[in-house]
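Working notes, structure below.
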Amino acid sequence: MAGLIFRALELTGVVLVGSIPVPDERGSFGRTFDEAAFRERGLPVDIVQESVSRNARAHTLRGLHGTLPARPEAKYVSCTRGRIFDVIVDARPGSASFGRWVSIELDEERDEQLFIPAGYLHGFQTLRDETVVRYRMTSRFDPGAFAGAHFASPGFGIRWPAEPSIVSARDLALPRL
């Protein structure tokens, strides 16, 4: 029977959710969401918006993005085509791990998704051309609540896999912390 694996990462509340596929002569079948299993682990199930990011070139960088504390947003991120180097930074004021980051590679083969709680910054770098990333969020996008930090902020010391080939003007203008 198809099921799920939940693995806590080094930052409080950040969870990698993996599918346990069941193979047969047709290929395989796997579950990516189970309300009871998510609730049992304290993960939100009230998703109000889903978005997709299509990235034509390898080494495209998006982030680091989050929301202001007054408008908290948690999200699930998955890579449905290609491969990404995904980064989560603790931006919760007063947190013992404030400014620390973790990374994980997500790809189309493993059917994994990353749960990122409110209060964290998120970004990724594509590792293949034609990469597609899906986001499921617990609150609707509000441009007035957008917050972020420059991907090369010296206070974080993130080691990206490659020099970014494409970065938006908005992301380049984010503050360096």
task = Could you give the size of the charge dipole of segment 35-177 about its Cα centre, using +1 on the Cβ of each K and R and -1 on the Cβ of each D and E, expressed in debye and rounded to the nearest 20?
result = 380 debye
query = Glu105 label point, 7 Å along Cα→Cβ, cut-off 14 Å on backbone N: hits in segment 39-61?
reply = 59
task = Quick one: grab the alpha carbon gyration tensor of segment 66-149, order the square roots of its eigenvalues as a ≥ b ≥ c, and give me rounded if a/c is under 1.5, else prolate or oblate depending on whether a/b is larger than b/c.
result = prolate
ask   = Among Ala91, Ala149, Ala56, which one moves the most in a GNM of the chain with springs linking Cα atoms closer than 10 Å?
value = Ala56
request  = Determine the distance separating the Cα centre of segment 72-145 from the Cα centre of segment 1-43; give it in Å without decimals.
outcome  = 17 Å
note = Shape descriptor, segment 11-62: equivalent ellipsoid semi-axes (Cα gyration tensor, sqrt 5λ, whole Å, largest first) stand at 24, 22, 12
request  = For Ala56 paired with Asp24, estimate the spin-label separation in nm (one decimal), with each label point 7 Å from Cα along the Cα-to-Cβ line.
outcome  = 4.1 nm
key: Accessible-area composition of segment 1-138, carbon plus sulfur, in percent [1.4 Å probe]   = 49 percent
Spacing of the two label points (7 Å from each Cα toward its C-beta) at Ser97 and Arg176, in nm = 2.7 nm
task = Any chance you could run the full-extension gain for Ala169 through Gln49? It's 0.36 nm times the residue separation minus the Cα-Cα distance, nm to one decimal.
result = 40.7 nm
request  = Rank by packing, highest mean first: peptides 150-162, 42-54, with packing defined as the count of other Cβ atoms within 10 Å averaged across residues.
outcome  = 150-162, 42-54
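The values are calculated or read from the model by the stated rules, or taken from the named source; none is laboratory data. Here the structure is a predicted model, which means the values were calculated and not measured. Because the Cβ atoms are built from the backbone with ideal geometry, glycine has one as well, and the counts that use them run over all protein chains shown. For accessibility, only protein heavy atoms count, side chains too; no ligands or nucleic acids. Shrake-Rupley method; radii C 1.70, N 1.55, O 1.52, S 1.80 Å.
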